[in-house]
Amino acid sequence: MLDGAVRAVEKHGARRTTMADIATLAGIAKGTLYNHFRAKEAVFAAAVDAGMTALTEECITVATDDLADALALAADRLGTHPALRRLATDEPATLSAMTTIDDSEPWERARGSVKSILDASGRDSSVPTVEVVLRWLVSFVGAPGREVEAQASVLVKALPIQSQPQLQF
Amino acid sequence: MVLLRGLIGEVLRRHRQRQSRTLREVSAAARVSLGYLSEVERGRKEASSELLASICHALGISLAEVLREVSDELVALERAALAPIGFTPTTAARTVAPKPSRTPAVATLRPFEPVATPARRPAAPVASLSVAPVVAA
């Protein structure tokens, strides 16, 4: 279903995608889709969530080996995501709304993802570090980057190596 | 089920790690995207012959070497699957705990399990048993 949603956006963009499109591309009946989701917005939200979870898992595995690899991988995936690229050309306003970072629940989850990737690499995962990495990654949602791998290396070199000791009061 | 691409990916990753090289280095040398190389290593994507050649070249290993290791691994997995105790604890637990059901619906849920035997464990390896059940986990 979620895969169907991603492919529907890739094909039609978010605004013109209908529940029927999603069902067709997912190879299921429309009724089945409605059993799980009331509207396409709910499907999109679930798809973003699932995509983020999968990417996080992959990056955690890679980060145990090399953090720069993991960050380059995430940036590459976000920058070349077909559905996101479709939005970039057809509905820049939608994409721009998607890249506006705030303190809402989905963004808190994104922070959690970044933190778990940093933790997997054994590097510092304090709030400012997480924020720097998150903002760098989100920039690729907006547009693919150039020399992403080299950027990731630069970023990782600039990040604090060890966890900052927690202050005790 | 053991997939060839999964084994190839494992072997490639092992070689890369043994050389202490990053995905970035090898993907740049092989002229393949880092994301794609990661997927190949994880067995998510089937590498084309051209791509495989180029990754091997980047790693400085021969394709024959990779395929030999893949083959060795496959042999080991097949042997393990055919061993009398080849049923993993989880598989064994599943066959013992629930009453063997005859309904086709349940049967289709476990396509790879050995023929529904009422016995706890077959006395001898089942000759026709494929590699699938054990290595799937």
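Throughout, read-outs are computed from the coordinates displayed, never taken from laboratory work. The shown structure was predicted, so the numbers you read here are calculated from the model rather than taken from an experiment. Cβ: placed from backbone, ideal geometry, glycine included. Neighbour counts: every protein chain shown.
Just a few scattered comments:
- A:ASP124 meets the stated requirement of being acidic (Asp, Glu), touching a Pro at 6+ places or on another chain (Cβ under 6 Å) and surrounded by 13 or more Cβ atoms within 10 Å (Cβ to Cβ).
- Hey, A:SER104 free of Cβ contacts under 8 Å to residues at least 40 places away in the same chain and surrounded by fewer than 19 Cβ atoms within 10 Å (Cβ to Cβ) or not: yes
- Top-ranked residue of segment A:71-101 - restricted to ones that are at the interface with another protein chain (Cβ under 9 Å from one of its Cβ atoms) and without any contact (Cβ under 8 Å) to a residue 60 or more places away in the chain, ranked as nearest to A:GLY4 (Cα to Cα): A:ARG77
- Selection of segment B:19-34 for residues being within 12 Å of chain A (Cβ to nearest Cβ) and either of a type in the set (D, E, K, R) or within 15 Å of B:VAL70 (Cα to Cα) (or both) yields B:ARG21, B:ARG24, B:GLU25.
- Cβ-Cβ contacts under 7 Å between residues 6 or more apart (or on different chains), taken from a first residue in segment A:144-164 that is more than 12 Å from chain B (Cβ to nearest Cβ) to a second residue that is charged (D, E, K, R), are listed as A:LEU159/A:ARG123; A:LEU159/A:ASP124; A:PRO160/A:ASP124; A:ILE161/A:ARG123; A:ILE161/A:ASP124; A:GLN162/A:ASP124; A:SER163/A:ASP124; A:GLN164/A:ASP124.
- For segment A:1-84, the helices (runs of 4 or more DSSP H) that sit wholly inside it and include 2 or more residues that are farther than 30 Å from B:ARG24 by Cβ are A:2-12, A:19-26, A:30-36, A:40-63.
- If you go through segment B:40-69 and pick out every residue that is assigned to a loop (DSSP other than H, G, I, E, B) and either touching an Asp or Glu at 6+ places or on another chain (Cβ under 9 Å) or surrounded by 13 or more Cβ atoms within 10 Å (Cβ to Cβ) (or both), you end up with 7.
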